[in-house]
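The values are calculated or read from the model by the stated rules, or taken from the named source; none is laboratory data. All of these numbers come straight from a predicted model, not from anything done at the bench. Note that each Cβ is placed from the backbone with ideal geometry, even for glycine, and that neighbours are counted across all protein chains shown. Accessible surface areas use protein heavy atoms only, side chains included; no ligands, DNA or RNA. Shrake-Rupley method; radii C 1.70, N 1.55, O 1.52, S 1.80 Å.
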Amino acid sequence: FVTEMISVCIATYNGEAFIHAQLESILSQLHDDDEIIISDDGSTDNTLCIIRQYQDSRIHVISHHKFKEKAVSVWDKMTCVRENFEEALKYAKGDVIFISDQDDVWLPNKVQSVLDSMSIETSCIVHDCKIVNNDLHVINNSMFQIYSPCFNRWGWLWKSPFMGCCMAIRREVIQRALPIPINVEYDTWLGIVASKMGTLKVIHEPLILYRRHGNNISTCSQKSNNNLLTKLQRRYFVIKNLVKLW
């Protein structure tokens, strides 16, 4: 599978502090025919300037201004993330599609480890990560260890193993999954669709440094602040759209 084209989809917004380190860690693992699709949701800092300084033909930027107001509620934040990533996913041409946040760092063996684990039947790969602080100092050596995600067919309703920055999926999954339903987390939905279409494989080795710096939208490595109603609503919307999918 090393000859297959890779697309890396990144959603950015005011990520000037970390985007350079992330791109450096990704580009060093890609071939000339691979691509990085960056969807930027109207950054007002130097994010786009940093990206364009690369002058790398593998990097393609889609700039838009979908969200005029600051996302406050859980649902607003979910919409911002979903639509920004969906914008990148729409343009991905690769056979295998990696998803990336703007502020992490890929470990040097990530791409090859994922490709080596893929087979014809594999529709999605999920891997572990190390949780690090702003300066990349390790806080915890394993997200799986502290979060204990469920990997069986229905367990993800309780503790979803699908965290975008730790996923790679087949192009066919994107074609089936888009558009992503409203009020459903984009990575959970991609994982669900992938599970229906093929085999989910899990790599229990950390392949990225998952940076926590205080401004992350995702709270995966932290205790959720969502109340019980919000948690139930999130599961309801997943099940509602699952019925349509099945």
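Picking from residues in the stretch 3-21 that are free of Cβ contacts under 8 Å to residues at least 60 places away in the same chain and either under 15 Å from residue 186 (Cβ atoms) or out of contact with any Asp or Glu (no Cβ under 8 Å at 6 or more places or on another chain) (or both), the one that is surrounded by the fewest Cβ atoms within 10 Å (Cβ to Cβ) is 3.
Criterion applied to 134, 140, 152 was being over 30 Å from residue 17 (Cβ atoms), over 14 Å from the mean Cα position of the chain (by Cα) and surrounded by fewer than 23 Cβ atoms within 10 Å (Cβ to Cβ), and the one residue passing it is 152. Residue count for the stretch 33-61 under the criterion of being within 18 Å of the chain's Cα centre (by Cα), open to solvent by less than 30 Å² (accessible area, probe 1.4 Å) and at pLDDT 95 or above: the result is 8.
Table: residues versus (1) under 29 Å from residue 105 (Cβ atoms); (2) of a type in the set (Asp, Glu); (3) modelled with pLDDT of 75 or more; (4) surrounded by fewer than 16 Cβ atoms within 10 Å (Cβ to Cβ).
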{"residue": "203", "(1), (2), (3), (4)": "yes, no, yes, no"}
{"residue": "211", "(1), (2), (3), (4)": "yes, no, yes, no"}
{"residue": "214", "(1), (2), (3), (4)": "yes, no, no, yes"}
{"residue": "217", "(1), (2), (3), (4)": "yes, no, no, yes"}
{"residue": "224", "(1), (2), (3), (4)": "yes, no, no, yes"}
{"residue": "232", "(1), (2), (3), (4)": "no, no, no, yes"}
{"residue": "236", "(1), (2), (3), (4)": "no, no, no, yes"}
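Residue 122 passes every criterion in (1) touching a Leu at 6+ places or on another chain (Cβ under 7 Å); (2) open to solvent by less than 10 Å² (accessible area, probe 1.4 Å); (3) not hydrophobic (A, V, I, L, M, F, W, C) apart from (1). Can you spot a residue in the stretch 92-101 that is surrounded by fewer than 17 Cβ atoms within 10 Å (Cβ to Cβ) and at pLDDT 95 or above? Yes, the stretch 92-101 contains at least one residue that is surrounded by fewer than 17 Cβ atoms within 10 Å (Cβ to Cβ) and at pLDDT 95 or above.
How many residues does the stretch 107-131 hold that are in contact with a strand residue (DSSP E or B) (Cβ under 9 Å, 6 or more places away or on another chain), within 19 Å of residue 18 (Cα to Cα) and in a loop (DSSP other than H, G, I, E, B)?
Adding up the residues that qualify gives 1.
Of the set (1) over 14 Å from the mean Cα position of the chain (by Cα); (2) part of a loop (DSSP other than H, G, I, E, B), all apply to residue 146 but (2). Among the conditions (1) open to solvent by less than 20 Å² (accessible area, probe 1.4 Å); (2) aliphatic (A, V, I, L, M); (3) farther than 20 Å from residue 78 by Cα; (4) assigned to a helix (DSSP H, G or I), the only one that residue 169 does not satisfy is (4).
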